[in-house]
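The values are calculated or read from the model by the stated rules, or taken from the named source; none is laboratory data. Source: prediction; values computed, not measured. Cβ placement follows ideal geometry from the backbone for every residue including glycine, while neighbour counts extend to all protein chains displayed. With ligands, DNA and RNA removed, areas are computed over all heavy atoms of the protein, side chains included. Shrake-Rupley method; radii C 1.70, N 1.55, O 1.52, S 1.80 Å.
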Amino acid sequence: MSDIERRIADTMLAKLREYDPSLGPGDLTRTVDELDLDSLDLVELHQQLERVLQVTGDLKETAGFAFLSDFTAYFMKLANEG
């Protein structure tokens, strides 16, 4: 796992553990619906990832992501471009 992937995973896990401290790395492949994340949760996750990676993403694009792995791929791309 690269440094960027680890920072993304750590950021997402921190957000998920706000609701359920028992969640772990295996839960990062689950759907947004399975994890019961609402639109505000997703905006907060988006903003946290932007801060951690020092990138700017498009909220309109990430709003449609169904899987947490979609966030990982999107933010990996942004971080590698920057």
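See the values below:
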quantity: Near pairs, Cβ below 7 angstrom, 6+ apart or cross-chain, from segment 1-12 (closer than 13 Å to Leu28 by Cβ and in a helix (DSSP H, G or I)) to any residue that is open to solvent by less than 50 Å² (accessible area, probe 1.4 Å) and aromatic (Phe, Trp, Tyr); calculated: Ile8/Phe75; Met12/Phe71
quantity: Boolean, Asp33 is out of contact with any helix residue (DSSP H, G or I) (no Cβ under 7 Å at 6 or more places or on another chain), farther than 18 Å from Met76 by Cβ, open to solvent by less than 70 Å² (accessible area, probe 1.4 Å) and part of a loop (DSSP other than H, G, I, E, B); calculated: no
quantity: Residue, least open to solvent (accessible area, probe 1.4 Å), within segment 15-26, restricted to residues that are in a helix (DSSP H, G or I) and without any contact (Cβ under 8 Å) to a residue 12 or more places away in the chain; calculated: Gly26
